[in-house]
Amino acid sequence: MSASQSATRETQTIDNRWLADVPVHWSVTRLRFICDVLTGSGDTQDAEPDGQYDFYVRSPNPLRSAHFTFDTEAVLTAGDGAVGEVFHHVNGKFHAHQRVYVLTNFRDSLPRYFFFYFSSFFRLMAQDGSARTTVDSVRRWMLTDMPFVLPSLDEQRAIANYLDDETAQIDMLVAKQEEFIGLLRERRDTIVDAEFQRTDGKRTATVRQTLVLLKRTPIPRSGVVTAYRDGVVTLRANRRAEGYTMSVAEAGYQGVCPGDIVFHALDGFAGAVGISDSEGQCSPVYHVCSPRYDDDARYLSLLIRYMGTSGFLSTQAPSTRQRSVDFRNWKTFARVPLMLPPVEHQRSFVTEYHEQMSRINALIVKTQEHIALAKERRSALITATVTGQINVPTARKAS
């Protein structure tokens, strides 16, 4: 059996489940009979920040373009290489990427109803994983062969109006929760800004005067320790493989112990520095250090990470590489200046910092859970409505 035949069979299985509860007076057809499936012609190089027209690419947020290639009402989705879910309902002049599908010239279907139905069905396809289908790998045959349920135009209008109202309320709730997360993140930034930007009561030192460079022998059969950009330093096995840089060869690897300050010499500018929670080994691209005197290692790692993410370290490196700042030469890194408060303050700040971060991060996680639930409810509401499981007149009376 060919891949396309297998995909068709799996799609038919979804069709049957999707259509099982559709009202009998609604008609069922295929997408190719109710609209035209076109594609854009643009390339990302067409983007111009000051352009007059929206430029729809393979991500949820459109760019801008100085010219347009369509002047119509359409529903858009993305093909190969899309970033996340990409569905748009547009009306007017716009430009579209060559891998964006433009569904237009609707027949027997109102565009807004079409948008709700279309996006809902493809989310179901993505959840099922049918024929390796996801919303970011759309093929033309998947569009043209999609089963499409068509109530009367009056019912379509009522459904679209109902979903516009209901989803707007959910979207408003999500927006407020996302705004709250933004405020919490600003609070996190304010805490470290207030600590590390003030100069009163602090002494001036350099990295060399403050830290001792360690050169431990690698521990046999130990795991690889990685410094991540979020400030966590742990064994690679404790986290997913993406998102860090490691040497291919193990020549020059060094030992790491719990409590060591680990600084990624090429990614430290982006926050890849912290206290190791694990015993293991790391590549020579890292500087593994400990305090020279009584300074608090946790405070020093927070300070250096802040100096990286705030952009200060970028000003201290004599050379850079693409998307990075090169501190592989210890002497270069050792010259970086530090501003240090008394040790007692360092320790009290670290304790207070972690307490506040714990509370703030817990609130962020809880709010993200509420957002996920709201989006699940939104998706379920659309699916139930466009398949007739929710009777719109009855639902409106109930509300």
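Each value in this text was obtained by applying a stated rule to the coordinates, not by laboratory testing. In this text the structure is predicted, and so the values were computed from the model without any measurement. Quick reminder, even Gly has a Cβ in these numbers, built from the backbone with ideal geometry, and neighbours come from all protein chains shown.
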Worksheet item: What lysines could a cross-link reach from residue 375, if we take a straight Cα to Cα line under 22 Å and drop same-chain neighbours fewer than 8 places away?
Response: 176, 366
Discussion item. To make sure I understand the rule: partners must be lysines, Cα under 26 Å from the Cα of residue 215, and not fewer than 8 residues away in the same chain. Which ones qualify?
Written reply: 331
Response to the item:
Lys and Arg at +1, Asp and Glu at -1: neighbours of residue 330 with Cβ under 13 Å from its Cβ sum to +4
Worksheet, complete the sentence: The local net charge around residue 65, scoring Lys/Arg +1 and Asp/Glu -1 for residues other than residue 65 whose Cβ lies under 9 Å from its Cβ, equals -2
Response to the item:
Output ordering of 272-280, 162-170 (per-residue mean of other Cβ within 10 Å, highest first) is 272-280, 162-170
